[in-house]
Amino acid sequence: MRLKQCLVGCAALGLAACASQFQPSTEVSAQYVGTTHPFAAEAIYFLITDRFVDGDPANNHEDQGGEYPTFNLPLTGPDGQTANVGYMGGDFRGVLNNAAFIRDMGFTAIWMTPIVDNPDQAFAGGEPISFGGAFKDGGKTGYHGYWGVNFFKVDEHYPSAGLEYADLTRRLREQYGLKTVLDVVTNHGSPSFTMPTDQPKFGEIYGKDGRLLADHQNLSPGQLDAGNPLHQFFHSEEDILQLSNLNDENPDVLEYFVDAYGYWLSQGAAALRIDTIKHVPHHFWKQFSDRLRAHNPDLFMFGESYDYNANFIAQHTLAKNGGISVLDFPGQQAISKVFSTPQSDFAELLGYLHLTHGPYANPYELTTFYDNHDMARMNASDSGFIDAHNWLFTSRGIPVVYMGSEVGYMRGTVEHQGNRNYYGQDNIELAKQHPIHAQLQRVANLRKRIPALQRGLQVNLDFVGDQAAFYRVVQLDDMAQTALVLLNKGDSPITIKVQRYLQAGRWQEQFSGEVLALEEGDVLSDEVPAHGVRVWLREGPINQPQLQAKLQELTAHR
């Protein structure tokens, strides 16, 4: 077999110039694509608004709360460790000031924690929270945004003069090409009972005109009166701690949230992330999604169904249940395990992909991640984070990365142990020189410009030990593109050889610009550096019969 290596002046011309000589065919027959949803092209940077960067100290409200203060409430642990359950100052200005940092890393969307109004005191009820504790809300504040009181009003800790939410979304979009993902909650409000004395705003829901619509009145759910109009927004059963359990059977509750989140969409939100989606029945989500999509047909929504059972979380993705994508928790479990364990096998990732005969409406529309603010951060080495990003940005799904992971920030810590610690401008400046950041920027920006990595069908080849090889293939309308991804999570370079489904033609490695001219029957042999990724790209229609058959199978049983 013959293998022709052609550098054809790429070093002189540059990769982009060289690639431009080979344009996709305009004559494409069969269509092969994982998903055509526009949001599949995105990569999401997730941040806790209050814990990102304090860009405007004037909105910190450090004296707020009276006898139950809200600013800087530290929890002290062993060996000088700290966490915090108060506000720390992060705001819209801090996000906008660092939009270029996020964009330059290769992200195209920012998911921010909820921006709606929360109570103005620390919660005096419940069980007191302590360092490393969980499932306790006593002494905490709504710094995270999930204790909504008025879902039409932005919390006072976030905007600045001339920088309301609509200004932020517009400037992110127009100046930085960044979309904004709105974090939404419909199943609960703020903590609502067990307070020694009823505290202002806790257990209350306000309308767009500022009128009080509902009030738990510091009563336990079982004490609520179904005949009291102020109690009808709530279920009479407990759900999560002392949080009000909103009544999804009440049409006024559905109307309230459709109206509220429709408003924020009009203010520039581009997509919705739905908190605690499994706590609300499917019929609610069907009506919710139908009504919002009547005005926003391509609206992308993905929910948090915190469960590792793919068959369970997949139910949300079905059209009859609202057609809402989900965060891929089974994938999170596998990704975190594999890249936190140097002796792991790449084959352990195959089980969560569900590329054929799976339970999801479309596995290519799932949002993929390895940790977030509700679980322990991934406890991996720098190399482990680099390997995780190489996988996340080349495999199926829409990647989501939690703030600070570009440096392995607070790795291994849970919520009240440091997971949600303030990140800050100093850490962002340091991140720009960090090896995890450098490699993340490299692979994320590659995904940003290659449609096959965004929406292409995934054809797995060899997953064994420290190496993985797979194709991503898209053939749609006037575009046809095949990407061959080679991964190595080992400490030494390895040579990977690929012949199965390999098409003849011109292949270009996307990081080096190296070019190979392959003939039928050739083998592509490539050395992949330690903890490295190589991506070979072929432009043009798919013409290899075995690959065509495989793609037809993936399409038929996606």
**Study point:** Residues being part of a helix (DSSP H, G or I) and within 21 Å of ILE496 (Cα to Cα) - total across region 453-468
**Key:** 1
Revision key, fill the gap. Counting only residues in region 404-420 that are over 20 Å from ASN98 (Cα atoms) and open to solvent by less than 10 Å² (accessible area, probe 1.4 Å), the one nearest to the chain's Cα centre (by Cα) is identified as ASN419
Check your understanding: Is it the case that region 222-240 has a residue that's β-branched (Val, Ile, Thr), surrounded by fewer than 22 Cβ atoms within 10 Å (Cβ to Cβ) and in contact with a strand residue (DSSP E or B) (Cβ under 8 Å, 6 or more places away or on another chain)?
Key -> yes
Review point. Of the residues that make up region 393-401, is at least one open to solvent by less than 30 Å² (accessible area, probe 1.4 Å), in contact with a helix residue (DSSP H, G or I) (Cβ under 9 Å, 6 or more places away or on another chain), in a strand (DSSP E or B) and farther than 19 Å from ILE48 by Cα?
Key: yes
Review point. What residue, among those in region 284-307 that are over 14 Å from the mean Cα position of the chain (by Cα), among the acidic types (Asp, Glu) and not in a helix (DSSP H, G or I), is surrounded by the fewest Cβ atoms within 10 Å (Cβ to Cβ)?
Key: ASP298
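Residues that are closer than 26 Å to VAL414 by Cβ and open to solvent by 10 Å² or more (accessible area, probe 1.4 Å): which strands (runs of 3 or more DSSP E) entirely in region 42-152 hold 1 or more of them?
Details: elements: 44-47, 74-76, 82-84, 109-112.
Answer list for region 42-152: 74-76, 82-84.
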Practice item. Could you tell me which of the residues GLY513, GLY521, GLY490 is surrounded by fewer than 17 Cβ atoms within 10 Å (Cβ to Cβ), assigned to a loop (DSSP other than H, G, I, E, B) and touching a residue at least 12 places away in the same chain (Cβ under 8 Å)? Key: GLY521
Review point. Does THR180 fit the bill of being open to solvent by less than 10 Å² (accessible area, probe 1.4 Å), touching a helix residue (DSSP H, G or I) at 6+ places or on another chain (Cβ under 6 Å) and within 28 Å of LEU272 (Cβ to Cβ)?
Key: yes
Study note, to complete from the structure: Considering residues that are part of a loop (DSSP other than H, G, I, E, B) and open to solvent by less than 10 Å² (accessible area, probe 1.4 Å), the number found within region 524-541 is 1
Practice item. Just name the residue that is nearest to ARG171 (Cα to Cα) out of those in region 251-267 that are open to solvent by less than 20 Å² (accessible area, probe 1.4 Å) and of a type outside the set (A, V, I, L, M). Key: TRP264
Check your understanding: Somewhere in region 308-328, is a residue under 23 Å from ALA388 (Cβ atoms), in contact with a strand residue (DSSP E or B) (Cβ under 8 Å, 6 or more places away or on another chain), open to solvent by less than 10 Å² (accessible area, probe 1.4 Å) and part of a loop (DSSP other than H, G, I, E, B)?
Key -> yes
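The values are calculated or read from the model by the stated rules, or taken from the named source; none is laboratory data. Keep in mind the model is a prediction, meaning the values are calculated, not measured. No Cβ is skipped: glycine too gets one built from the backbone with ideal geometry, and neighbour counts run over all protein chains shown. Ligands, DNA and RNA are stripped out before the accessible areas are found, and what is left, the full protein with its side chains, is counted by its heavy atoms. Shrake-Rupley method; radii C 1.70, N 1.55, O 1.52, S 1.80 Å.
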